[in-house]
1. So how much slack lies between residue 56 and residue 9, counting 0.36 nm per residue of separation and subtracting their Cα-Cα distance, in nm?
2. Suppose R0 equals 22 Å. What FRET efficiency, 1/(1 + (r/R0)^6) with r the Cβ-Cβ distance, do residue 25 and residue 49 give to the nearest 0.05?
Amino acid sequence: MRTMGKVFCAEFRDMIVELHLVHGKSIKWLADEYAVSASTIGRWVTCYRNKRMLDAEKLSKGVPFDNSPHNKKCINSSINKVL
């Protein structure tokens, strides 16, 4: 049986990803500083990059974004399962 780990809010995950990608902080440093495993941070970064690639692909194909509340909930649910 799998036990539940810590649950981090989206704002915290976004901040950590930004510190890594924009400000150049290493994953190891972030893991030590914020008491989050390096593998978890790595998954957050990968998820962010994959989402950005999907958004860019849709934009290049002219596919309109579905900003409905239902779609946002589905996307967030999928991302949270990955994270």
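Each reported figure results from applying straightforward, stated rules to the coordinates on display, with no laboratory input. Because the structure is predicted, anything quoted here is derived from the model rather than measured. Virtual Cβ from ideal backbone geometry, glycine too; neighbours counted across all protein chains shown.
1. Fully extending the segment from residue 56 to residue 9 adds 14.4 nm.
2. Calculated transfer efficiency: 0.85.
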